[in-house]
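Step one of this worksheet: look at the structure below.
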Amino acid sequence: MMQAPHSPDFTRRRWLQAGAAAAALGALPRGQAQPSATRRARLVLSGPFALVSYPLMRIADSGALKDVAEQVEFSTWKSPDQLRALAIQPSADLMAMPSNVAANLYNRGVPLKLLDITTWGLLWMVSRDQGLRTLADYRGKEVVMPFRGDMPDILFRLLAEHEGLVIGKDITLRYVASPIDAMQLLITRRADHALLAEPAVSMGLRKTHSFPIEVIAPALYRSVDLQQEWGRLLKRPPRIPQAGIVALQHVQGDGALLARFEQEHARALAWCQANPEACGEMAARHVDMLTPDGVADAIHATRSTMQWVDAAAARPELEFFYQQLLDRQPGLVGGKLPASAFYG
C-alpha cells in the first residue's frame, strides 16, 4: 500500500486556503443525523499512512463523535495482510482502504459496506527530466515501480496500453519492494523515473532540497499526473475512485452512527484541506514516518482529487473502474462487480 519515506525536519511552508472549507462543506450529507440510540463505549477507526486517513485522525483528535462514542481511537494498518485481518475479525469499526480491496473482501464474503470515496487519485510520475508531460514521453525509458502487481502497477499498465505503449518493449519497468526503495534510487541517481503516490511524492521532493549546501542534490520534478492521463486516455473525468471508508459488521446496523460519521468525515476532510499545516502536524504525531511539511505539500497537490462522495453517488465511476480491473486482473476485485448491497 502507500507508504512514505523517512525524511528530516524541514522549514514549514505556510499555505492556508480557507475557501477549501466552504467548498468541501458544500458536499456534506444533507439533513441533521439523529444521535445514536446507544452511545458506544469505544469506536475504532483505522487506515494506512496515506491521505485517506487524515480525516479519520482529525475525527479522533477533535472529539467530533463524542455524542455517539465515549472513546474514539485511530489506529494505523501497515500492510495488506494487516488490513485483511482487521476487516475479517473485525477489530475495527470503520476502515479506510483501497476501493478494489473493499470490493474484493465483499465478494469473498466479508460483511462490509462502502460508505464513501474520498481519494480520487494520488499517483504521479517523479522524474529527473523536467520536460515529460504525458506517458507517451516515457517511450524508451525505464520506470521504477513499487509493489509489482498491485494497484499502481495495474493502473500504469492500463494507461500505457491506452497510449499504445507496450510494457517491456516501449517502456521498461524496474520493480522494487516499496516507495522508499524507489525514492532512494532516484535520490542516489541510480534511476531517473518512478511512479509514486502521495505523500511519498511530496516528502521525497522535500528531501532533495534538504541536503547540506556542499552536497549537490539531484533535481527531481513532479511529472505526469496519472489522474489527468486517466481522464485524457479513457475520455473520463480526471479522477480515479481509489480509496474510501467501509463500515464493518459491528456498526452496519447503526444507521444513526453511520450518518453522524459521514457528516463528521466530510467536515474533517474540509478541515484538512483548509488547514494543511495543522493537518501535517497532526498526521506526524500519529505516524512517525510522516513530516508536517510533506503532508502539507501532499494536501496542496491533491486538492482536486480529495473529495467526499457518498458510495451510491460514486457507484457509476466505481463500476467503470472495477470493470477495467476485471478485464485485466479479476482477482483485484474478487472476480465480479459487487452487488448493490455493497454500496452502503
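Considering the range 138-151 alone, what residues qualify as being over 18 Å from Leu233 (Cβ atoms) and not in a loop (DSSP other than H, G, I, E, B)?
Glu142, Val144, Met145, Pro146
Which condition number in (1) touching a Pro at 6+ places or on another chain (Cβ under 9 Å); (2) part of a loop (DSSP other than H, G, I, E, B) is the one that Tyr106 fails?
Answer for Tyr106: the failing condition is (2).
For Leu132, indicate whether it is in contact with a Ser or Thr (Cβ under 7 Å, 6 or more places away or on another chain) and in contact (Cβ under 8 Å) with a residue 40 or more places away in the chain.
yes
Yes/no matrix, rows are residues, columns are (1) on the phi > 0 side of the Ramachandran plot; (2) of a type in the set (D, E, K, R):
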| site | (1), (2) |
| --- | --- |
| Ser75 | no, no |
| Gln82 | no, no |
| Ala87 | no, no |
| Ser91 | no, no |
| Thr119 | no, no |
| Arg128 | no, yes |
| Gly140 | yes, no |
| Asp153 | no, yes |
| Leu165 | no, no |
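Sort out which residues of the range 251-263 are within 22 Å of Leu86 (Cα to Cα) and crowded, with 18+ Cβ neighbours inside 10 Å, and write them in order of number.
Residues of the range 251-263 within 22 Å of Leu86 (Cα to Cα): 251-255, 257-258, 261-262.
Result: Val251, Asp254, Leu257, Leu258, Phe261, Glu262.
Which one of these is open to solvent by 10 Å² or more (accessible area, probe 1.4 Å), under 19 Å from the mean Cα position of the chain (by Cα) and at pLDDT 95 or above: Ala266, Ala247, Ala284?
Working: Ala266 fails: open to solvent by 10 Å² or more (accessible area, probe 1.4 Å); Ala247 fails: open to solvent by 10 Å² or more (accessible area, probe 1.4 Å).
Testing whether each residue is open to solvent by 10 Å² or more (accessible area, probe 1.4 Å), under 19 Å from the mean Cα position of the chain (by Cα) and at pLDDT 95 or above leaves just Ala284.
Would you point out the residue of the range 286-311, among those that are in a loop (DSSP other than H, G, I, E, B) and touching a Leu at 6+ places or on another chain (Cβ under 9 Å), that is farthest from Cys272 (Cα to Cα)?
Keep residues of the range 286-311 that are in a loop (DSSP other than H, G, I, E, B), which gives 287-291, 302-305.
Of the ones still in play, those that are also touching a Leu at 6+ places or on another chain (Cβ under 9 Å) are 302, 305.
Numbers: Thr302: 11, Thr305: 13 Å.
In this case the residue turns out to be Thr305.
Taking only the range 322-344 into account, find how many residues are touching a helix residue (DSSP H, G or I) at 6+ places or on another chain (Cβ under 7 Å) and at negative phi.
Looking only at that region, the number is 14.
All but one of (1) in contact with a His (Cβ under 9 Å, 6 or more places away or on another chain); (2) open to solvent by 10 Å² or more (accessible area, probe 1.4 Å); (3) at pLDDT 95 or above hold for Met57; which doesn't?
Status for Met57: all satisfied but (2).
Taking the stated definitions as given, is Trp120 within 21 Å of the chain's Cα centre (by Cα), farther than 30 Å from Ala341 by Cα and buried (at least 20 other Cβ atoms within 10 Å of the Cβ)?
No.
So that you can scan it fast, the table gives a plain yes or no per residue for (1) modelled with pLDDT under 95; (2) among the β-branched types (Val, Ile, Thr); (3) surrounded by fewer than 18 Cβ atoms within 10 Å (Cβ to Cβ); (4) touching a strand residue (DSSP E or B) at 6+ places or on another chain (Cβ under 6 Å):
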| site | (1), (2), (3), (4) |
| --- | --- |
| Val126 | no, yes, no, yes |
| Glu142 | no, no, yes, yes |
| Leu155 | yes, no, no, no |
| Val166 | no, yes, yes, no |
| Thr188 | yes, yes, yes, no |
| Glu198 | yes, no, no, no |
| Arg206 | yes, no, no, no |
| Tyr221 | yes, no, yes, yes |
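Are any of the residues in the range 224-242 open to solvent by 10 Å² or more (accessible area, probe 1.4 Å) and of a type in the set (Phe, Trp, Tyr)?
No, the range 224-242 contains no residue that is open to solvent by 10 Å² or more (accessible area, probe 1.4 Å) and of a type in the set (Phe, Trp, Tyr).
Residue-by-condition table, conditions (1) assigned to a helix (DSSP H, G or I); (2) closer than 30 Å to Ala270 by Cβ:
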| position | (1), (2) |
| --- | --- |
| Met95 | no, yes |
| Trp124 | no, yes |
| Arg133 | no, no |
| Ala136 | yes, no |
| Asp153 | yes, no |
| Leu159 | yes, no |
| Thr172 | no, no |
| Gln184 | yes, no |
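Look at Ala314 and say whether it is farther than 18 Å from Leu112 by Cβ and either open to solvent by 10 Å² or more (accessible area, probe 1.4 Å) or in a helix (DSSP H, G or I) (or both).
Here the answer is no, as Ala314 does not meet what is asked.
Consider only pairs whose beta carbons are under 7 Å apart and that are at least six residues apart or on different chains; among these, list those whose first residue lies in the range 53-73 and is outside any helix (DSSP H, G or I) and whose second residue is aromatic (Phe, Trp, Tyr) and surrounded by 15 or more Cβ atoms within 10 Å (Cβ to Cβ).
Leu65/Phe261
Within the range 292-339, which residues are acidic (Asp, Glu), touching a residue at least 24 places away in the same chain (Cβ under 8 Å) and either more than 27 Å from Ser223 (Cα to Cα) or out of contact with any Lys or Arg (no Cβ under 6 Å at 6 or more places or on another chain) (or both)?
Answer for the range 292-339, where residues must be acidic (Asp, Glu), touching a residue at least 24 places away in the same chain (Cβ under 8 Å) and either more than 27 Å from Ser223 (Cα to Cα) or out of contact with any Lys or Arg (no Cβ under 6 Å at 6 or more places or on another chain) (or both): Asp297, Asp310, Glu317.
The values are calculated or read from the model by the stated rules, or taken from the named source; none is laboratory data. It should be emphasised that the depicted structure is a prediction, and the values quoted were computed from it without experimental measurement. Here the Cβ is made from the backbone with ideal geometry for all residues, glycine too, and neighbour counts use every protein chain on show. Side chains are part of the model used for accessible areas, which takes the heavy atoms of the whole protein and leaves out ligands, DNA and RNA. Shrake-Rupley method; radii C 1.70, N 1.55, O 1.52, S 1.80 Å.
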